[in-house]
Amino acid sequence: MIFIISIFVLLGSAFIFIAALGLLRFDNLYSRMHATTKATSFGILLLIIGIALFFNSGIIWIKSVLVILFIYLTAPLAAHSVAKSYKEKDEKME
Amino acid sequence: MRIVKKTYFIVEFVLFYMVKLVQANIYIAFDIVTPKMHTMPDFITLPLKIKSDFGLLLFSNLVSMTPGSLTIDINEEKNCIEIHILYNQNKEKVRTEIEAIQNKINYLIN
Amino acid sequence: MELEPLNIISVIAFILLLSAMLISLYRLISGPTVYDRIVSLDLIASIVMGFILLYSMVVNKALYFDVVIIISLISFIGTISISTYLKTKKQ
């Protein structure tokens, strides 16, 4: 059991670290947003699954499903909003 | 009978979403960790066939989660979507992939 | 703090999250545009969520899970409001 929990926790924090590395390495805003939108929400998903396996009670499982649904509904929306405002500013500058 | 069919489609859609999710994350993690980046960013525009708002929400979320594509904009008449892609090498493949997702959602909504 | 397996795991995960926090702070300070700063603030909120999840595992209290829900709500609303403000601002 401890083995599965540690795999989930380590993979989750590694994906968040990869997202930060992508924020540093890519050279334009849209590519950076690719990294932060996908890898961050996947890392949080793995971390939450690991923590829910650690506590393993009913209310924690319900709360974690709610948090995961909320994150997966809102992370693309936030990226979409930032990208749209960046694009409109770009068109205004030209 | 109709309910059974609908449930089957919903389960299949959720499994499809999860497979795409894991695939996208492996792609982008591989791309960031290896020293040489093989990304060629570009924009494509596609015509939309979905009419309902809920379908558009599902479609844009799923496109944002597929490997190397991010929804940028949907125009006012709701008939055209603009997508930023990360791998420009094979544009036709990306286009057919997104068309397949669109057909799947159209089938699911109706 | 004795050396159980979960303690070692959580120390490694804390180090990974801390270096992610430092990298995104660098991007927050030196970002070329405002939009890079918004994106890195969003990432910092996610990193704080990861910190609190790990801390709830270390101290073994499930109460901290509610803090994660609140932070995810606040970070989403903050990102949306800043980008909408920048979009509608008069030049």
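Readers should treat all values here as calculations from the given coordinates under stated rules, not as data from a laboratory. All values derive from a computational prediction rather than experimental measurement. Positions of Cβ are generated from backbone atoms using ideal geometry, with glycine treated the same way; all protein chains shown enter the neighbour counts.
With charges set only on the Cβ (+1 for Lys and Arg, -1 for Asp and Glu), what does the dipole of the protein assembly as shown come to about its Cα centre, in debye to the nearest 20?
The dipole magnitude comes to about 440 debye.
Compare the Cα positions of C:64, A:10, B:61 along the charge dipole of the protein assembly as shown (+1 at Cβ of Lys, Arg; -1 at Cβ of Asp, Glu; about the Cα centre) and return the one farthest towards the positive end.
Result: B:61, furthest along the dipole toward the positive end.
Could you work out how far the C-alpha centroid of the range B:35-107 sits from that of the range C:27-91, in angstrom?
With the range B:35-107 and the range C:27-91 each reduced to a Cα centre, they are spaced 26 Å.
Through the Karplus equation 6.51 cos²θ - 1.76 cosθ + 1.60, θ set to phi - 60°, convert the phi angles of the range A:81-91 into ³J(HN,Hα) values in whole Hz; use x for Gly and Pro.
Couplings: 5, 5, 5, 5, 5, 5, 5, 5, 5, 4, 5 Hz.
Expressed as a fraction of 2.2 N^0.38 Å, the rule-of-thumb size for a compact globular protein of N residues, what is the C-alpha radius of gyration of the protein assembly as shown?
The protein assembly as shown yields a ratio of 1.02.
Give me D for chain C in µm² s⁻¹, whole number, from Stokes-Einstein with Rh from the Kirkwood sum over alpha-carbon pairs, 25 °C and 0.890 mPa s.
165
Calculated FRET efficiency, residue A:7 and residue C:26, Cβ-Cβ r, R0 35 Å, to nearest 0.05?
Efficiency for this residue pair is about 0.75.
About its Cα centre, how strong a charge dipole does chain C have in debye, to the nearest 20, once Lys and Arg get +1 and Asp and Glu get -1 at the Cβ?
600
Listing B:37, B:65 from the residue with the fewest other Cβ atoms within 10 Å to the one with the most, what is the order?
Ascending number of Cβ neighbours within 10 Å: B:37, B:65.
Any idea how far apart residue C:48 and residue B:88 come out in nm if each label point goes 7 Å out from Cα toward Cβ?
3.8
Based on the Cβ-Cβ distance of residue B:30 and residue A:28, what FRET efficiency does E = 1/(1 + (r/R0)^6) give at R0 = 35 Å, to the nearest 0.05?
0.95
Mind checking Rg over Rh on the range A:7-52, alpha carbons, Kirkwood formula for Rh?
1.06
From the C-alpha gyration tensor of chain A, pull out the three semi-axes of the equivalent ellipsoid (sqrt of 5λ each), sorted largest to smallest, in whole Å.
Gyration-tensor ellipsoid for chain A: 33, 16, 5 Å.
For the range B:2-109, max minus min Cα coordinate along each principal axis, in Å, sorted largest first?
Sorted from largest, the Cα extents of the range B:2-109 read 51, 31, 20 Å.
What is the order of C:64, C:35, B:107, fewest Cβ neighbours within 10 Å to most?
B:107, C:64, C:35
In chain B, which longest range has no GluC sites (Glu not before Pro) that are both DSSP loop (not H, G, I, E or B) and surrounded by at most 16 other Cβ atoms within 10 Å?
Longest run free of exposed loop sites: B:1-75.
Determine the gain in length on full extension of the stretch residue C:14-residue C:58; use 0.36 nm per residue of separation and subtract their C-alpha separation, reporting nm with one decimal.
The residue C:14-residue C:58 span can extend by a further 14.8 nm.
Using unit Cβ charges (K, R positive; D, E negative) and no other charged atoms, how large, in debye to the nearest 20, is the dipole of chain B about its Cα centre?
480
What is the count of Lys pairs in chain A whose alpha carbons sit under 23 Å apart, if the two are 8 or more places apart or on different chains?
For chain A, qualifying lysine pairs total 4.
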